[in-house]
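The values are calculated or read from the model by the stated rules, or taken from the named source; none is laboratory data. Just so we're clear, the structure is a prediction, and the values are computed from it rather than from any experiment. Because the Cβ atoms are built from the backbone with ideal geometry, glycine has one as well, and the counts that use them run over all protein chains shown. Surface areas here come from the heavy atoms of the whole protein model, side chains and all, with no ligands, DNA or RNA. Shrake-Rupley method; radii C 1.70, N 1.55, O 1.52, S 1.80 Å.
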Amino acid sequence: MATFKAWVVEKGEGGQSLTFKDFDDADLMEGDVTVRVTHSTLNYKDGLAMTGKSPVVRRFPMIPGIDFAGVVETSEHPDYKTGDAVVLTGWGVGETHLGAYAERARVKGDWLVPLPDGLSPAQAMAIGTAGYTAMLCLMALDHQGLTPEQGPAIVTGASGGVGSVAVALMARAGWHVIASTGRDSEAEYLRRLGAAEILDRAELSGAPKPLAKERWAAGIDAVGSTTLANVLAMTKADGAVAACGLAQGMDLPTSVAPFILRGVSLLGINSVTTPQPKRRKAWERLARELDLDTLAAMTTTVGLRDVAGLADEILAGRTRGRTVVEVS
Ligand code: NDP
């Protein structure tokens, strides 16, 4: 295949453009494994990359798409051979290294994870970066020693990708999950994923007080800003919140009060450069602990040509759960 189909972000005098076109194999970047991409997904960051609303793309031209599942075509890496099924999330793919919205990708073998036993490539991408990040959040809360006996858990941005998987994982782990959402219409959906209570996100949008009534022992926050500040102020003594996102904003208008007066911990989650051992552990746990029927209930599938049309939708918070992109 001398050329293959890809979405390409280019930068010209008029700004950033996005085109579906033939991409020359010779223009792929350096890497020791070439993969036939079968599935990718739509993440919030992909929306930013495709629209240019945030400077996520730092090399032009760029093929967006931060995660993929596929089959190894050629490999010079000792751990991979032709025909192996693999998964990739992060490492700057779709940002600084040519990405996943293409029929072919060339990457470092050290970035790959073998497709976990028990998951199809489509299921692995239904999980994708968002679901894998939700698992990293749960692992951080576990590592902190938190258990469902200590009280409820809040998940913010619950109808989104990270949020939906977080609700399902936390419920499956025995937590009483309070799902915070701005969409009344998704209450039934969130209950099906395992939410015990629905909280209108407006309740977390007011000016945060340093401390407020203690409501939950743990939290997974994909939203940041005022929401995270309110979540921290309402966290029980010795509780913890895993923070991974900025759907509301990058700021955090809080004070030290929750930390020094209640011993609350704020756990930062970065899925992009997670070292391999932790990465593999997260995928093993996802394959074991995430109910596949629940995963199917939160997943929509689109074709490669259709993904660009969803960029504005995910940034506006109008997509639900996870979106798999069928590439081939
Ligand atoms: P989605 O768009 O699927 O979900 C985000 C959700 O946040 C929305 O569905 C909506 O949920 C809620 N939301 C959106 N806008 C606002 C707002 N203005 N105020 C309050 N809530 C809002 O995105 P993803 O789940 O893919 O990603 C979520 C966040 O996590 C993003 O910021 C992303 O960049 C980040 N992320 C970080 C990673 C890391 O490594 N740290 C990895 C993966 C994602 P609802 O309608 O239910 O209220």
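So if I check each of Arg183, Arg215, which one is open to solvent by 50 Å² or more (accessible area, probe 1.4 Å), assigned by TED's automatic domain parsing to the domain that holds Met135 and under 22 Å from the mean Cα position of the chain (by Cα)? Step by step, each of Arg183, Arg215 is checked, and only Arg183 is open to solvent by 50 Å² or more (accessible area, probe 1.4 Å), assigned by TED's automatic domain parsing to the domain that holds Met135 and under 22 Å from the mean Cα position of the chain (by Cα). The set of residues from region 7-53 being outside any strand (DSSP E or B) and β-branched (Val, Ile, Thr) comprises just one member, Thr51.
Taking the condition within 11 Å of the ligand (Cβ to nearest atom), farther than 29 Å from Pro55 by Cα and either open to solvent by 60 Å² or more (accessible area, probe 1.4 Å) or not assigned by TED's automatic domain parsing to the domain that holds Gly151 (or both), does Asp238 pass? For Asp238, the condition - within 11 Å of the ligand (Cβ to nearest atom), farther than 29 Å from Pro55 by Cα and either open to solvent by 60 Å² or more (accessible area, probe 1.4 Å) or not assigned by TED's automatic domain parsing to the domain that holds Gly151 (or both) - is not met. Candidates are the residues of region 269-289 that are touching a Phe, Trp or Tyr at 6+ places or on another chain (Cβ under 8 Å) and assigned to a loop (DSSP other than H, G, I, E, B); the one that is nearest to the ligand (Cβ to nearest atom) is Ser271. Among the residues of region 205-219, the ones that are within 16 Å of the ligand (Cβ to nearest atom), out of contact with any strand residue (DSSP E or B) (no Cβ under 6 Å at 6 or more places or on another chain) and within 22 Å of Leu267 (Cβ to Cβ) come to 1 in all.
Restricted to region 306-326, and to residues there that are part of a helix (DSSP H, G or I) and of a type outside the set (Asp, Glu), the residue that is surrounded by the most Cβ atoms within 10 Å (Cβ to Cβ) is Val307. Here the condition is being under 19 Å from Ala134 (Cβ atoms), within 14 Å of the ligand (Cβ to nearest atom) and either surrounded by fewer than 16 Cβ atoms within 10 Å (Cβ to Cβ) or more than 18 Å from the chain's Cα centre (by Cα) (or both); of Leu266, Leu246, Leu252, Leu292, it holds for Leu266 alone.
Residues of region 269-289 being open to solvent by 70 Å² or more (accessible area, probe 1.4 Å) and farther than 22 Å from Ala240 by Cα, which ones?
Thr273, Pro275, Pro277, Arg280, Glu284, Arg288
When region 51-73 is limited to residues that are touching a helix residue (DSSP H, G or I) at 6+ places or on another chain (Cβ under 6 Å) and hydrophobic (A, V, I, L, M, F, W, C), the one that is nearest to Thr19 (Cα to Cα) turns out to be Val57.
Look at (1) more than 16 Å from the ligand (Cβ to nearest atom); (2) open to solvent by 50 Å² or more (accessible area, probe 1.4 Å) and you find that Lys45 fails only one, number (1).
Collect the residues in region 52-70 that are over 16 Å from Ala105 (Cα atoms) and within 13 Å of the ligand (Cβ to nearest atom), keeping them in residue-number order. Correct list: Lys53, Ser54, Val56.
Could you list, in sequence order, all residues of region 60-90 that are aromatic (Phe, Trp, Tyr) and within 16 Å of Thr38 (Cβ to Cβ)?
Hits for region 60-90 are Phe68, Tyr80.
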